[in-house]
Structure formats: C-alpha cells, structure tokens
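Here's the structure, in structure tokens; my notes come after.
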Protein chains: 2
Amino acid sequence: MMSAQDAPAGGARAAQPTIGIVGLGLIGGSFARAYAAAGARVVACDTDEDTMDAAMIETVEAVLDDEEIPGCDLIILAAYPDACIEWLEEHAEVLGAASAPEDGRGPVVIDTAGVKAAVCARAFELARAHGFAFVGAHPMAGTEHSGFAHARANLFQGAPMVLVPPALDDTARLHLLDRVHTLLAPVGFGTFSVTTPEEHDAVIAYTSQLAHVVSNAYVKSPTAREHHGFSAGSYRDLTRVAHLNPTMWAELMCDDAENLSREIGRIIDALAAYRDALDAGDRERLRALLAEGDRIKRALDDERDS
Amino acid sequence: MMSAQDAPAGGARAAQPTIGIVGLGLIGGSFARAYAAAGARVVACDTDEDTMDAAMIETVEAVLDDEEIPGCDLIILAAYPDACIEWLEEHAEVLGAASAPEDGRGPVVIDTAGVKAAVCARAFELARAHGFAFVGAHPMAGTEHSGFAHARANLFQGAPMVLVPPALDDTARLHLLDRVHTLLAPVGFGTFSVTTPEEHDAVIAYTSQLAHVVSNAYVKSPTAREHHGFSAGSYRDLTRVAHLNPTMWAELMCDDAENLSREIGRIIDALAAYRDALDAGDRERLRALLAEGDRIKRALDDERDS
C-alpha cells in the first residue's frame, strides 16, 4: 500500500528557490529556518503580528501575498487544517493563473496537516478546478512545545515525511512527486513514504493521535500527584506527550474521529482484559496477556530493524 | 507522608564491606558489579548454574551460604518476590544467630522487589521473630532487558531508591536507615525516599505497573502492523516498555492487584470520555479534556522542577 524510500541526495540547483510559508508556528517556522539556513529565499505570512515581526528580522525576506505567489517554487501551508483550506480557497485563482502543472510551471503547494482526508479532499478539488499542483504532506516531527520561538532549522533532519499525491496517471504522479522530493531536499528528511489520505489517517490515528490521548488520560489519576521520588523511565515516557496544544489536537482528532474512536475502543478492550485477569486473581491469564504484548512488540522491532 | 533526601556522601570506611546477593538477574547482577567495582567483597547465589559460573569468573568471590551469611554487612534479595521470601524463611535462623540489631551487629537484609506490602509483611515478621535487621527496598531502575548478561555497575547511578523500614521507635528507625544509607553509598543512588508498604504499592501500581500494562496493551491494535514510515517519537515512547518479562511482571502485578486494577479502571474511564466526545462530534468537549490533561501535566512538571 505504501512505499518508503531514501531521501534524494539534493544535488546542485541552478538558482536558490523561493519558498512561501503560510503560518509560522513550530512547523512553519522550522521550515522557514531550514530553508533560510540552506540559502533559499523565504517569504511567509502569519496572522500574528509579533510572530511576523520576529520572523522578518532574521528569516523571512518578504510577506507572502498575491504578488509573491507566482514567484514561489514551493508553498508550504503550515497553519491549522481549517485555516490552510481557507488560505487555499482565497488564493486558488492566483495560484491557477501562475501555473501550468503539466509543464512543471508555477508553485507546488503542500500542506503539513496531521490529517489528510479532510484537507486533501478539498485541496485536490481546488487544485483540479484552478489548475495548480497540490500534494498532501505530513512531516513526522514535532516537540511538546509550539510556536515560532521553538522552531529550529534541524527539526526535520532524518525525520519521516509522508506524501499524499492526487489521483493522476503514473507519469504525472511520478513527475509531481519528483518535484516535491527535489524541493524538500534542503530540509533533510530521512525517508519519504507515499500513501492515500484514507490509509494515512487510519495509521496516524493509531501512532500519533492515540499516543497523545493515552498520555493525556494517564495523568488524570489522582495518584499522579503523589508519586514524587517514585517514578522511573516508564512513567516519564508514558506521560511525555500529555503536554500538548489542546486546540490544534482537538481539530486534528475531530477530523479523524472515526479512526481514533475505533483505536481508543481497542485499547480500552485490551486494558479491560488485564483488569479482568487481576480481578479474577488469575496470574497465568495475566502472564499470557503480557507475553502476547511482549511477543508483538518484539516482532514489530525485528521487522523495523530488518 | 514520605521524604526524599540527598544520598549520603559515602565517606571512608575502615574496611571494605562484604555484600551478599541472592539472585543474579539484571538487578542482583548490577548490584554485584557495582559493589565489586567499588572494591567490596561480593558473595552470591543463583539457582541457575551458568549464571553462577559466569558471575564467579569476574565479580563474585564466593557462594553465599550458611557459612558466609554471618560475615555479610548487607544481604540483597534480588530474586522474584516469592523466591525472596522462601530464601528468608530458610535462612532466618542463621541470620538471627548472627545478629544483635540493637547493637548494629549482623547483616542488614534488604529486598529489591517491585511490590512491598506482600514481601514486607512476611519479612518484617521473620526479622522480628528471629532478631535480624530487614528493610524493604525498591531501586527505581531497570531496562527492557533482563538477566545477568545485561547487568551493569552503573545501573543505579543517580536513580531513586525507595526504602520501607519496619515499625520501630524513631531512634531505632533512624539508626537502621542510616546503616542502609551508608551500606548503599558505593552504588550511587541519586535520592532516597522513605515510605510505608501500602503507600509504596499504591504509587508503584500507577507509575510503573500501569505504564507497562498500557504500553503492552497499546501494541495489540491490528494497526500496529501497518505503521511503517509513519511513527514519530510519541509512538516510540508509548510502546517502549511493551517489551517486558511476562513472568516477573505477572507476579508483581498480582501481588498489587487491587491498586493496579483500580488504576486500569481509572484510565479506561478517562479514555472513554475522549471517545464519547469524538463520537458526539463535540470538538469543544474534546478540547476541554485535552486541556485538562495538559494543565495537570504542566503542574506536575513545575512541581517536580521546583
């Protein structure tokens, strides 16, 4: 269903590209710093004036507006999902006028949202209707902290990048993915995967959203306030991502509600099995449940390492 | 209820102590290597002959038996809980004959089990009946790996140590804890906490056992097999301790069944609240649930850092 491949080596370019960035939070800010560090011209916009002022001092050369759009090689939408779609709706005409995707002319637009079905459905439609190039993208990197102040040029170094191209014939699809690979090369992603919006959202509900929900739920026990001096690495790991941006995650999770609800149901059922074994005083059944998880985890690690 | 204090500085001793160790797995083996590295005489026993052979080559100077017991300054029980109690029952008479705890004569015995109520109840009883010194102990360190081969001298460096002394008058209690501090100094624990068996088990069910159950349950979703190229740090952290020793953990968890069952119930209820908000399409309720966990986590981190 999906393929992972090594990142392209980058290679020399005739001229430094112009990169447009919408939203200068942790993700957009890190793209801005990475491209600026690589010598690209970075133009950007953000609804927060203080953020724009800070970014214009050191990283961003101009405001991304209708005049700048046609000169961009790549435009990265790094706002919340709804805001990305809004920006795209407002600028679809300008993007279309500047583009001839079949000739590779005009900016390639990518988003960076953590959900793909909701964003890509509308973005693919706009791109088709107005004739510009759009590829869904999800850089698998981040920290517990948000905002431009925490952005850093090396955030994506070695990280996985997941790409979701529109439905095109094979030649056009490969050509488009190749352009995106080349444009992203200066940022230093470790691997690229290509998948569909539906598969992306099913997997991400499990690997990322569920991890944040479980970690966030973990700290709600009253015992959390009594553990000083008693916690080792396992507690630290389980609760690390309990600290999160509630507004952003609520939007992402609601856009992927069906998949995430199913995964929460699965872990609730799995947890209930351990509790039932404990309540029954059945040590052998508990041992078998733990052994099953241990076996699955080792198989996953072996597969990953092979 | 409990107090944490800095580890004692150690200080010069008249002569190097003799340390007895029962069980040379990850924990017992790491104590053996830490004390041997510090120049102590280490005597030990293990039911596995290959382990004993390996340990006698490099770390252990003699077998811990009835002749060696009276010469030990500290005896560390590092087998599974049931096996620790068995060893103590078999050697209670020898320990008693070698001891005059009110004068500080004879070995101090500590265990290292991850549960304290079950182990301490019987051990305190044996110590009182036979007249030797016993203090419950739980070194908060470990790895996903088990066995002597993974033991290392620095496993406890900087780690928290939880001590559970018997019911004694304040003077005798402080004297006993002071002996244990001094004897453990070469191992390098970062902090010592003192608590009761009941409080220890309530806290550890949450910080350690629940973390292992949740991590072990996490990998049971069928989606776990489909995530290649898609997982970031949050998934890695949540699933790290899914790999565990099922036999040991089943025993520890069954000895602390009531506390652990209650904590599993609490996280199931907490998780169900997120699922209900998702199923209702109620983004604001989901945001409030996430914000609550984020607030608790930040408060815990602030408290820890203060």
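The values are calculated or read from the model by the stated rules, or taken from the named source; none is laboratory data. From a predicted model like this one, the values you see are computed outputs, not experimental measurements. Neighbour counts run over all protein chains shown; Cβ positions are idealised from the backbone, glycine included. What goes into the accessible areas is simple: the full protein's heavy atoms, side chains included, and nothing from ligands, DNA or RNA. Shrake-Rupley method; radii C 1.70, N 1.55, O 1.52, S 1.80 Å.
Using a 1.4 angstrom probe and counting only protein chains, how large is the accessible area of A:Thr191 in Å², to 10?
Solvent-accessible area, nearest 10 Å²: 50 Å².
Residue farthest toward the positive end of the dipole of the protein assembly as shown, with Cβ of Lys/Arg at +1 and Asp/Glu at -1: which of A:Leu74, B:Val214, A:Ala62?
A:Ala62
Antiparallel as a % of all DSSP beta bridges within chain B, to the nearest 5? List each step's numbers first, then the result.
Values: 9 of 31 bridges.
Bridges in chain B are about 30 percent antiparallel.
In chain A, which whole DSSP H runs stretch at least 20 Å along their own axis (Cα) and average 0.0 or higher on the Kyte-Doolittle scale? Could the numbers behind the result be given before it?
Details: long enough: A:81-97 (24 Å, 0.04); A:170-184 (21 Å, 0.08); A:257-279 (32 Å, -0.13); A:283-305 (33 Å, -1.33).
Sorted by number, the helices that extend far enough and score high enough are A:81-97, A:170-184.
Can you tell me the length gained on complete extension of the stretch A:Glu86 to A:Ile268, counting 0.36 nm per residue apart and subtracting the Cα distance?
Values: separation 182, 0.36 × 182 = 65.52 nm, distance 3.65 nm.
Going from the current span to full extension adds 61.9 nm.
Given a 1.4 Å probe and heavy atoms of the protein chains only, how would you sort B:Cys84, B:Cys45, largest accessible area at the top?
Ranking B:Cys84, B:Cys45 by accessible area, largest first, yields B:Cys45, B:Cys84.
Using the Cα atoms of the range A:119-191, I'd like the radius of gyration and the largest Cα-Cα distance, Dmax, both in angstrom.
14.3, 42
Between B:Ala280 and A:Thr247, what is the label-point separation in nm under the 7 Å Cα-to-beta-carbon projection?
Between A:Thr247 and B:Ala280, the simple spin-label model gives 2.2 nm.
Using only the Cα atoms, what convex hull volume per residue in Å³ does the range B:201-305 have?
Details: hull volume 14.7 nm³, N = 105.
About 140 Å³ per residue, rounded to a whole number.
For the range A:260-300 and the range A:156-214, what is the separation of their Cα centres, given in Å?
Using only Cα atoms to place each centre, the spacing works out to 32 Å.
If you put a point 7 Å past Cα along the Cβ direction, how far is that point for A:Arg128 from the same point in each other copy, in nm, smallest first?
When each copy's label point is compared with this one, the spacings are 7.9 nm.
Nm distances between the label at A:Arg304 and the same-position labels in the remaining copies, 7 Å along Cα→Cβ, shortest first?
2.1
Show that you can apply the helix-only estimate: for chain B, add -39,500 (n - 2.57) for every DSSP H stretch of four or more residues, divide by all residues, and state [θ] at 222 nm to the nearest 500.
Details: 11 runs with 148 residues, N = 306.
Helix-only estimate at 222 nm: -15500 deg cm²/dmol.
With a 1.4 Å probe, how much accessible area is buried between chains A and B, both sides summed, in Å² to the nearest hundred? Display every interim value, and only then the final one.
Values: alone 16360 and 16410 Å², together 24750 Å².
Chain pair A/B: roughly 8000 Å² of buried accessible area.
If you take the Cα Rg of the range A:125-238 and divide it by 2.2 N^0.38 Å, with N the number of residues, what do you get? Provide the component values of the computation, followed by the final result.
Details: Rg = 19.2 Å, N = 114, 2.2 N^0.38 = 13.3 Å.
Its radius of gyration relative to the 2.2 N^0.38 Å reference: 1.44.
If I take the rotation axis that carries chain A onto chain B, which residue of chain A has the nearest beta-carbon, and at how many angstrom?
A:Asp237, 2
Take the Cα gyration tensor of the range B:105-151, multiply each eigenvalue by 5, square-root it, and list the three semi-axes largest first, rounded to whole angstrom.
Working: eigenvalues 133, 33, 12 Å².
Largest first, the range B:105-151 gives 26, 13, 8 Å.
A:Asp170 versus B:Asp301, label points 7 Å from Cα toward the beta carbon: distance in nm?
4.8 nm
Please list, ordered by chain and number, the residues whose modelled amide H lies under 5 Å from the amide H of A:Ile75; skip anything fewer than 5 residues away on the same chain.
A:Gly20, A:Val108, A:Val109, A:Ile110
Taking springs between alpha-carbon atoms closer than 10 angstrom, which of B:Gly188, B:Gly265, B:Gly147 fluctuates most in the Gaussian network model of chain B?
For chain B, modelled as a Gaussian network with Cα springs under 10 Å, the answer is B:Gly265.
When each copy gets a label point 7 Å from Cα toward the beta-carbon at B:Gly281, what are the spacings between them in nm, shortest first?
In nanometres, ordered from closest: 5.0.
At a temperature of 4 °C and a viscosity of 1.567 mPa s, determine how fast the protein assembly as shown diffuses translationally according to Stokes-Einstein, using the Kirkwood radius over alpha-carbon pairs as Rh; express D in µm²/s, rounded to the nearest whole number.
48 µm²/s
At a 1.4 Å probe, what is the % contribution of carbon and sulfur to the accessible area of chain B?
On the way: 5990 of 12400 Å².
Carbon and sulfur atoms account for 48 percent of the accessible area of chain B.
What is the ratio of the Cα radius of gyration of the range A:3-195 to 2.2 N^0.38 Å, with N the residue count, to two decimals? List each step's numbers first, then the result.
Working: Rg = 15.1 Å, N = 193, 2.2 N^0.38 = 16.3 Å.
Normalised Rg, Cα atoms only: 0.93.
Once Lys and Arg get +1 and Asp and Glu get -1 on their Cβ, which of B:Phe192, B:Ala37, B:Val94 lies farthest toward the positive end of the dipole of the range B:3-195?
Sorting the options by dipole projection puts first B:Phe192.
I need to check one value: relative contact order of chain B, counting alpha carbon pairs closer than 8 Å and at least 6 residues apart, in percent. Don't jump to the answer; show the numbers that get you there.
Numbers: 478 pairs, mean separation 55.1, N = 306.
18 percent.
Over chain A, with a Gaussian network built from C-alpha contacts below 10 Å, which listed residue (A:Glu226, A:Glu251, A:Glu125) shows the highest mean-square fluctuation?
A:Glu226
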